[in-house]
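The values are calculated or read from the model by the stated rules, or taken from the named source; none is laboratory data. Just so it is clear, the model here is predicted, and its values are computed rather than measured. When we count neighbours, we look across all protein chains shown, and the Cβ atoms used for this are built from the backbone with ideal geometry, even at glycine. In case anyone asks, the SASA skips ligands and DNA or RNA and just uses the protein heavy atoms, side chains included. Shrake-Rupley method; radii C 1.70, N 1.55, O 1.52, S 1.80 Å.
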2 protein chains.
Amino acid sequence: MTIYGGIEAGGTKFICVIGSGPDEILAETRVPTTTPDETIQHVIRFFKENSTDHPLRSVGVGSFGPVDLDTLSPTYGYITTTPKPGWMNTNLLGAIQEALSLPVTFDTDVNTAALGEQEWGAAQGMHDFLYVTIGTGIGGGALINNQLLHGLIHPEMGHIRLPHDFEADPFPGICPFHGDCFEGLASGPALQHRWGGHPAETLPENHPCWQLEAHYIALAVHNLVCDFSPQRVILGGGVMENRFLFPMVRQEVHNLVNGYIQTPLLTAHREDFIVPPGLGNRSGVLGALVLAMRSYPEE
Amino acid sequence: MTIYGGIEAGGTKFICVIGSGPDEILAETRVPTTTPDETIQHVIRFFKENSTDHPLRSVGVGSFGPVDLDTLSPTYGYITTTPKPGWMNTNLLGAIQEALSLPVTFDTDVNTAALGEQEWGAAQGMHDFLYVTIGTGIGGGALINNQLLHGLIHPEMGHIRLPHDFEADPFPGICPFHGDCFEGLASGPALQHRWGGHPAETLPENHPCWQLEAHYIALAVHNLVCDFSPQRVILGGGVMENRFLFPMVRQEVHNLVNGYIQTPLLTAHREDFIVPPGLGNRSGVLGALVLAMRSYPEE
């Protein structure tokens with residue numbers, strides 16, 4: 001069996017796996033995201049120590065961003081303009097590739113999560129779908145005609161502007177670039193700031209925060225549906241672990257579309273259009289394995 | 001030389017051409033959009049009368065919508081839920097195909113316009129770009145990884161919801177489905193309704209309507225840039241024939257992005273990111289030719 005490495009490079013932790021699928025993980029570790037040097041050295045040590053018995057064919061990396069995905073660019077594989085202290089202009093791909101002497105394939109965390117969901121999760125057999133994470137940040141990955149969407153750089157779906165009724169919700173939003181964009185209004189930290197510092201996971205299901213949260217998520221999903229016409233929208237990330245949000249979001253997306261887009265998928269009771277990730281919180285790291293596998297298939 | 005037919009099926013007129021490129025048009029006609037029967041009979045007669053000397057290899061149709069593009073669907077090639085009187089559930093493709101006994105390829109008007117721009121217009125050599133028309137209605141077509149985006153049905157980019165400051169602009173919008181979606185706020189008829197019934201083309205350049213119009217267009221373009229990360233955004237349609245809108249939209253998109261997406265293309269003075277169609281108002285009908293050519297290449 002061909003063995004691959006997968007890295008989900010997140011803003012709080014890096015998750016690394018060695019294996020060939022969700023049920024064939026030979027080794028795994030979690031490394032806190034501290035400085036680039038320290039974190040990357042931990043990651044490299046994990047792969048060196050655990051690949052002697054099973055040499056790796058290649059490694060896939062799904063990274064927080066923004067990242068440079070242009071293979072012709074001198075900063076290909078870098079984390080670029082991130083506001084995360086110390087991580088701006090970090091040559092993540094280069095450092096790993098050089099230390100492991102292996103081919104490394106690099107993409108955004110949400111694109112790799114989309115790949116994971118397509119291979120083993122909630123988007124099996126689909127060729128046009130979205131994976132959106134709503135957690136510390138908000139971002140989205142898209143498969144279109146069965147190919148990852150990169151475009152000029154890569155999408156930044158978390159930063160779309162949404163209707164914001166300041167009278168009903170005077171919260172100005174917390175995005176340092178845009179204030180009340182989707183991420184500024186509806187990310188986990190936005191929830192926490194808006195509701196007196198209580199972390200989102202401590203707010204009970206009957207708290208008014210959730211209706212407002214579902215409202216912004218539904219506006220964003222509606223816009224994504226208009227833009228992409230996806231077969232399915234997978235909503236992952238920490239905020240969506242509150243599964244009671246799903247029926248609320250489905251109902252409001254249905255109301256917003258208001259019959260204009262004619263598909264039975266958009267009726268309010270359908271549970272197979274707006275769905276949680278099939279791989280739970282493992283879409284990203286397993287998707288990094290898929291990225292490696294598809295880039296360097298079994299020989 | 002292989003000769004093709006192209007049809008831009010619009011809500012006010014059908015434009016039909018016979019030829020092989022912008023400079024090789026052998027015949028052309030415009031047919032007012034009245035009833036489906038009458039309009040389609042006109043179109044068929046044009047092609048029958050003008051293809052005796054140069055038999056057509058195939059015909060491409062770019063249609064107003066919504067349309068059914070699912071080749072496996074029993075209503076493939078139909079105009080479906082259009083509010084246009086008389087045109088709901090019209091078998092446009094079938095009627096033309098049967099009468100002409102030719103292969104006919106069918107897509108949305110904005111997708112074919114995007115093809116036209118890629119082949120001969122403002123998107124030559126590009127693989128990820130958007131064509132958005134702002135006129136009687138608003139819609140968008142996308143090429144992603146050099147392929148048309150269809151997804152589940154097809155995009156409806158004109159119906160995204162945008163921030164709408166009711167205090168500054170109390171106009172409720174005119175979209176019968178969504179009120180103040182992008183089309184409801186910024187289409188040609190929306191402009192006319194909002195400003196006392198004056199058609200958009202009669203409003204002078206210094207009228208306050210244009211700053212507001214540029215504002216909504218910029219919000220939409222910003223969202224499309226976040227979602228698709230395009231190499232270029234082509235803005236066509238009657239409203240955008242007011243070329244003074246382009247610098248206003250560029251400046252405001254630059255302000256909205258606010259440095260988050262790092263590319264020289266998004267600096268305010270760049271004129272090669274948000275651009276008018278290279279084919280003027282001919283993108284749609286010439287794109288219909290491209291659709292025919294690419295579906296049935298020269299033998």
Task: Nm distances between copies for A:GLY196, ranked from closest, using label points 7 Å along Cα→Cβ - done: 5.1
- [ ] Using the Cα centre as the reference, give the magnitude of the dipole from point charges on the C-beta atoms of the protein assembly as shown (Lys, Arg: +1; Asp, Glu: -1; all else neutral), rounded to the nearest 20 debye.
- [x] 80 debye
Task: Interface residues, the stretch A:132-150 - accessible area loss of 30 Å² or more versus chain alone, probe 1.4 Å - done: A:ILE144, A:ASN145, A:GLN147, A:LEU149
Open item on the list: How large is the accessible surface of B:HIS164 in square angstrom, using a 1.4 angstrom probe and rounding to the nearest 10?
Closed with: 20 Å²
Open item on the list: For the stretch B:122-277, what does the accessible surface come to per residue with a 1.4 Å probe? Please give it in Å².
Closed with: 36 Å²
- [ ] Divide by every residue of chain A the summed helix terms, -39500 (n - 2.57) for each DSSP H run of at least 4, and state the resulting mean residue ellipticity at 222 nm, rounded to the nearest 500 deg cm²/dmol.
- [x] -9500 deg cm²/dmol
Open item on the list: For chain B, give me the percentage of DSSP beta bridges that are antiparallel, rounded to the nearest 5 percent.
Closed with: 60 percent
Task: Cβ-based net charge around B:ASN242, under 10 Å, with every Lys or Arg adding one and every Asp or Glu removing one - done: -3
Task: Anisotropy class of the stretch A:122-277 from Cα gyration tensor, a/c 1.5 cut - done: prolate
Open item on the list: Show me the GluC sites (Glu not before Pro) within the stretch A:190-236 that DSSP assigns to loop and that have at most 10 other Cβ atoms within 10 Å of their Cβ.
Closed with: A:GLU205
TODO: Determine the residues within the stretch B:215-230 where the difference in accessible area between the chain on its own and the full set of protein chains amounts to at least 30 Å²; count protein heavy atoms only and use a 1.4 Å probe.
DONE: B:HIS222, B:ASN223, B:CYS226, B:ASP227, B:PHE228, B:SER229
TODO: Calculate the spin-label point distance for B:THR71 paired with B:GLU98, positioning each point 7 Å from the Cα along the beta-carbon direction, and give it in nanometres.
DONE: 2.2 nm
Task: Heavy-atom accessible area ranking, 1.4 Å probe, most first, across A:ASP70, A:ASP53, B:ASP107 - done: A:ASP53, A:ASP70, B:ASP107
Task: the protein assembly as shown - share of DSSP beta bridges that are antiparallel (%, nearest 5) - done: 60 percent
- [ ] Exposed loop chymotrypsin sites (Phe, Trp or Tyr not before Pro) only (DSSP loop, at most 16 other Cβ atoms within 10 Å): please give the longest stretch of chain B free of them, not including the sites.
- [x] B:77-165
Task: DSSP-defined antiparallel bridges as percent of all bridges, the stretch A:1-89, nearest 5 - done: 70 percent
TODO: Quantify, in whole percent, the carbon and sulfur part of the accessible surface of chain B (1.4 Å probe; protein heavy atoms only).
DONE: 51 percent
- [ ] Taking a probe of 1.4 Å and counting only protein heavy atoms, give the total accessible area buried between chains B and A in Å², rounded to the nearest 100.
- [x] 3900 Å²
Open item on the list: Which lysines, if any, have their Cα less than 26 Å from the Cα of A:LYS13, not counting same-chain residues under 8 positions apart?
Closed with: A:LYS48, A:LYS84
- [ ] Could you pull the accessible area for A:THR136 with a 1.4 Å probe, rounded to 10 Å²?
- [x] 110 Å²
Task: Dipole magnitude (debye, nearest 20) for the stretch A:1-110, charges at Cβ of Lys, Arg, Asp, Glu - done: 180 debye
TODO: With a 1.4 Å probe and every protein chain left in place, tell me how much accessible area A:LEU245 has, in Å² to the nearest 10.
DONE: 0 Å²
- [ ] Go through B:GLU28, B:GLU252, A:GLU117 and list them by solvent-accessible area, largest first, probe radius 1.4 Å.
- [x] B:GLU28, B:GLU252, A:GLU117
TODO: Report the semi-axes of the equivalent ellipsoid for the protein assembly as shown in whole Å, largest first, where each axis is √(5λ) for an eigenvalue λ of the Cα gyration tensor.
DONE: 42, 29, 22
Task: Dipole of the stretch A:189-271, positive end: most advanced residue of A:HIS222, A:PHE244, A:TRP210 [Cβ charges, Cα centre] - done: A:HIS222
Open item on the list: Give me the extension gain from B:LYS13 to B:ARG45: residue separation times 0.36 nm, minus the current Cα-Cα distance, reported in nm with one decimal.
Closed with: 10.0 nm
Open item on the list: Relative to 2.2 N^0.38 Å, what does the C-alpha radius of gyration of chain A come to as a ratio? Two decimals please.
Closed with: 1.00
